Structure formats: structure tokens, C-alpha cells
1. Checking Glu75 against (1) assigned to a helix (DSSP H, G or I); (2) surrounded by fewer than 17 Cβ atoms within 10 Å (Cβ to Cβ); (3) among the charged types (D, E, K, R), which test does it fail?
2. Among Tyr20, Tyr38, which is the only one that is among the aromatic types (Phe, Trp, Tyr) and either assigned to a loop (DSSP other than H, G, I, E, B) or on the phi > 0 side of the Ramachandran plot (or both)?
3. Taking the condition of being modelled with pLDDT under 95 and polar (S, T, N, Q), how many residues in the stretch 55-98 meet it?
4. Somewhere in the stretch 103-112, is a residue at pLDDT 90 or above and either assigned to a loop (DSSP other than H, G, I, E, B) or touching a helix residue (DSSP H, G or I) at 6+ places or on another chain (Cβ under 9 Å) (or both)?
5. Being among the polar types (S, T, N, Q) and without any contact (Cβ under 8 Å) to a residue 12 or more places away in the chain is the filter here, so list the residues in the stretch 6-22 that pass it.
Amino acid sequence: MRIGELAARAGTSTRTLRYYEARGLLPARRDDKGHRTYDESDLRLLRQIRTLQDFGFELEETRPFVECLRAGHPEGDSCPASLQVYRRKLAELDALIGQLSAVRETVAGQLRRAERARDVLAVEALVPGGPEPACELGGFAR
């Protein structure tokens, strides 16, 4: 198949395919007229790359999976180098989850503090001469 058909079947652009070719991820085969030619194995490579990128893998991180498929393995993630990329990605995700959990706990603490402060102000507003509740965003009384 030619580049346009491959791009359409893979759900990408010809520009992207040429970029992958320049990066060595997609083979650069040409017919006797100089047109790029591809087959079903190339479509499989592209699907592997796209799936991994959808999961948040950088383009270069897909290389071991592509090489595994090119080596004749039925799955791109059955080679030791692919497994190592999975392990690194999981460690990276675990670190991000830890960071997000810490941020979440900080925001939850701020919300609890703000709700307590709001409740104190509400009680004080009921006391004669107590403060008038104000909208914090615009400074207007409610």
C-alpha cells in the first residue's frame, strides 16, 4: 500500500508517517517509481506506536516494542527491552500518583480549613454586631 492508504488505515497523517520513517521507526521501502510502499506489518507497527502513545509513552519509548515486532515476535511487548520500558513507565506513574496524592491531601486540608473559617464567620455573623459575611471574590456583602 502507499503512504496515503497506510495513513488512512492507521488514523494518522502522511506527515507523521514520514516523521516516523525519519526516526527509524517505520521502514523506508520504495517501489521502482520511488513511491513509499508499506504492508500489513507496517500497519501493525503503527498501531503499536499509537497505542503506546495513547497510554502516555514518548515516541522514543516505543522503539523497543517496534524492534520486538520487527524481530518476528507476535507481540511487541514480549521482549526484555519492552518489559523494561513497561517497568520504567510504571515507576514513573507510581511517582506521579504519589505527587498527586500529596497535592490532593494539601488541597483537601485547605478546603477543610476554609470550611471551618466559613463556619466560624457564619456563627459570628449571627451575633449582634458581628461581622457582615462578604463574598471573597468580589468583596460584596451577601
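The values are calculated or read from the model by the stated rules, or taken from the named source; none is laboratory data. Computed from a predicted model, the values in this text were never measured in an experiment. No Cβ is skipped: glycine too gets one built from the backbone with ideal geometry, and neighbour counts run over all protein chains shown.
1. (1)
2. Details: Tyr20 fails: either assigned to a loop (DSSP other than H, G, I, E, B) or on the phi > 0 side of the Ramachandran plot (or both).
Just one listed residue meets the conditions, Tyr38.
3. Number of matching residues: 1.
4. Going residue by residue through the stretch 103-112, those that are at pLDDT 90 or above are 103-112.
Next, from what is left, pick out any that are either assigned to a loop (DSSP other than H, G, I, E, B) or touching a helix residue (DSSP H, G or I) at 6+ places or on another chain (Cβ under 9 Å) (or both): none.
Scanning the stretch 103-112, I find no residue that is at pLDDT 90 or above and either assigned to a loop (DSSP other than H, G, I, E, B) or touching a helix residue (DSSP H, G or I) at 6+ places or on another chain (Cβ under 9 Å) (or both), so the answer is no.
5. Within the stretch 6-22, the subset among the polar types (S, T, N, Q) is 12-14, 16.
Correct list: Ser13, Thr14, Thr16.
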